[in-house]
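The values are calculated or read from the model by the stated rules, or taken from the named source; none is laboratory data. Remember, it's a predicted structure, so these values are computed and weren't measured experimentally. As a convention, Cβ positions derive from the backbone with ideal geometry for all residues, glycine included, and neighbour counts pool all protein chains shown. Heavy atoms of the whole protein, side chains included, go into the accessibility calculation; ligands, DNA and RNA do not. Shrake-Rupley method; radii C 1.70, N 1.55, O 1.52, S 1.80 Å.
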Amino acid sequence: MSTIPGYTYATSAVAASPVTLADFEQMKASVLFGDEDVKFLRMSHDVVQDQVEAILDVWYGFVGSQPHLLASFSGKSNGQPLGDYLGAVRKRFGQWILDTARADYGQKWLDYQHEIGLRHHRVKKNKTDGAPSTELVPFRNLFALIFPVTFTLRPFLAKKGHSAEDVEKMYAAWVKSCLLQVTLWSHPYIKPGDF
């Protein structure tokens, strides 16, 4: 059991995903995600596990420098950044890095992706931490963050002496995984029947 507040992966607090494992297999095929990507994501785990805080520093620096992104972590009434909320989310974001690198795509993982999507949407945003923040992470921001997240991760993937080819394969696997995950997170944003 995790000691990270609000991290409920593989617990009874997480409902079943409306996306089936068969649906997810089709999604993987659409993004050309295969066994080699799993292999290189898992290779990246050892690369990133002791760099999580540095990676988060870069990502949080980027989000914090963009007022429209920081707004999702700011007070609904005064627009000021909520330090406690940012800190709580940061712990789960760090765990997300490690979970992504573990590349364990079973039902419990799929269910938790739906939970993450709900927590970005007005259905569950702010409920995990009781934050008095905005009611929604706009989807236009969520999906667009795939590029800065993966692009700024690339230098970290190159820090442990892997060949340029292996770094490129780890990077490609991360891009594909992030595309898959954010697509799964989009479910609450999409009209019923359109996913």
Flag for Ser163 being surrounded by 15 or more Cβ atoms within 10 Å (Cβ to Cβ), over 22 Å from Glu53 (Cβ atoms), polar (S, T, N, Q) and at pLDDT 95 or above: no
Matching option when the condition is more than 28 Å from Val48 (Cα to Cα) and of a type in the set (A, V, I, L, M, F, W, C), among Leu136, Leu180, Leu153: Leu136
Residue list for the range 120-164, restricted to those being without any contact (Cβ under 8 Å) to a residue 60 or more places away in the chain, of a type in the set (Phe, Trp, Tyr) and within 18 Å of Gly61 (Cβ to Cβ): Phe147, Phe151
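Select, from Phe147, Phe195, the only residue that is part of a helix (DSSP H, G or I), surrounded by fewer than 19 Cβ atoms within 10 Å (Cβ to Cβ) and of a type in the set (Phe, Trp, Tyr).
Phe147
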Candidate set from the range 132-144 (those that are among the aliphatic types (A, V, I, L, M) and not in a loop (DSSP other than H, G, I, E, B)); member that is farthest from the chain's Cα centre (by Cα): Ala144
Subset tally (residues that are under 20 Å from Lys39 (Cα atoms) and within 14 Å of the chain's Cα centre (by Cα)) for the range 106-131: 2
In the range 6-27, the residues that are in a helix (DSSP H, G or I) and open to solvent by 40 Å² or more (accessible area, probe 1.4 Å): Leu21, Ala22, Asp23, Glu25, Gln26
Answer from Trp109, Trp96 - the residue that is among the aromatic types (Phe, Trp, Tyr) and free of Cβ contacts under 8 Å to residues at least 24 places away in the same chain: Trp96
Filter result (free of Cβ contacts under 8 Å to residues at least 24 places away in the same chain, in a helix (DSSP H, G or I) and under 19 Å from Val31 (Cβ atoms)) within the range 165-192: Glu168, Tyr171
Helices (runs of 4 or more DSSP H) within the range 28-120 that include 2 or more residues open to solvent by 30 Å² or more (accessible area, probe 1.4 Å), modelled with pLDDT under 95 and in contact with a Cys (Cβ under 7 Å, 6 or more places away or on another chain): none
